[in-house]
Amino acid sequence: MPNQLPNNALYLVTESNLARGRPNSYMVSKAIEGGATIVQLREKEWTKEQYAEEARIIAGICKEHSVFFVVNDYPDIARDVGADGLHLGQEDMPLSQARRIYSGVIGKSTHSREQALAAVVEGADYISIGPVFPTRKKPNPVGLQLVREMAPKLPIPFVAIGGIKLHNAEKVLEAGATRIAVISALVEADDVERAAQDFIMIIRRDAEWK
C-alpha cells in the first residue's frame, strides 16, 4: 500500500449527482484513462451499505490501474476494501480514532491556515486546502493566497480543491500546488477522458517549469 499521495497529480473526487446518470465506475475509468492518478469516492447522500458496495468496485478499478484510491469518511470501509487512503472532514471523527481502525494514509480537509497547521499536529499524512474558488456548495473561497502561504510551510503533501477548472488550474499550480482535486470539471464533462487529458497537460507543463 503506498504511503504517500502521488505528486504532480490529477485527483478525481466523485459526485454521482452531477454525473447525469453515468455510474462512478465509468467516470473513474475514463478519468484514469485520461491520466488521473488519485481517485476519492465521496458520496455524502448514500447509505453506508451503498457506499461500501461502491467502494469495493472502485477499489478494484484503481488497483487494476495502480491508481491511489481514497475512501471518504469511513475508516472501516477503507480498511475492508484495501484503500490506499482515507479522507476526513473537519466534522468527522478525530484522526487518532480513525488510526485505531485504519492504518493507511489519512488526509484531512482544511479551510484555513489554522486548520491546516492543526491537521499537521494531529498527524495527518496529507491535507486538502479549499475551496480555492467558489463552488455551488461553498460560495466563500479561501483563495489562492492560502495556497501560496501554505505551500512552502507544510511538511506534508497537500491537495488544492474547490472550483478548479481548466481556465484557472494553471493559477493554482503557479501558487504552489502540485496536486489538484477536481469534481465538476470532470464529472460534468461530456468527454471525461479528454477533460482529464487537458488537466494533465497543464499539470505536466507546470512540473517542467518548477
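Only the coordinates and a few stated rules stand behind these numbers; no lab work does. All figures in this text were calculated on a predicted structure; none of them were measured in a lab. Reconstructed Cβ throughout: ideal geometry from the backbone, glycine too, with neighbour counts over all protein chains shown.
Need the C-alpha centroid separation for the stretch 169-193 versus the stretch 1-57, integer Å. Cα centres, the stretch 169-193 to the stretch 1-57: 14 Å. The slack in the chain from E174 to E122, taken as 0.36 nm per residue of separation less the alpha-carbon distance, amounts to 15.9 nm. Taking 0.36 nm per residue of separation and subtracting the current Cα-Cα distance, fully stretching the chain between A52 and H167 would add 37.9 nm. Below 10 angstrom from the Cβ of D92, what's the summed charge of the other residues (Lys, Arg +1; Asp, Glu -1)? Cβ neighbours under 10 Å give a net charge of -1. Each peptide in 124-131, 149-156, 38-45, 113-120 gets a packing score, the mean of other Cβ atoms within 10 Å over its residues, and the list from highest to lowest is 124-131, 38-45, 113-120, 149-156. Given R0 = 35 Å, the distance between the Cβ atoms of M93 and N140 translates into a calculated FRET efficiency of 0.90.
Cα-based values for the stretch 120-210, radius of gyration first and Dmax second, are 13.2, 41 Å. Placing unit charges on each Cβ (+1 for Lys and Arg, -1 for Asp and Glu) gives the chain a dipole about its Cα centre, and among A116, P6, L18 the Cα reaching farthest toward its positive end belongs to A116. Diffusion coefficient of the chain by Stokes-Einstein, Kirkwood radius over Cα pairs, 20 °C, 1.002 mPa s: 127 µm²/s.
Working from Cα pairs under 8 Å separated by at least six residues, relative contact order for the stretch 9-209 is 22 percent. Extension gain for E64-R204 works out to 48.1 nm (0.36 nm per residue, less the C-alpha to C-alpha distance). Here the stretch 24-70 has an Rg and Dmax of 10.4, 30 Å, counting Cα atoms alone. Our helix-only sum for the chain, with -39,500 (n - 2.57) per DSSP H run of n ≥ 4 divided by its residues, gives a mean residue ellipticity at 222 nm of -12000 deg cm²/dmol.
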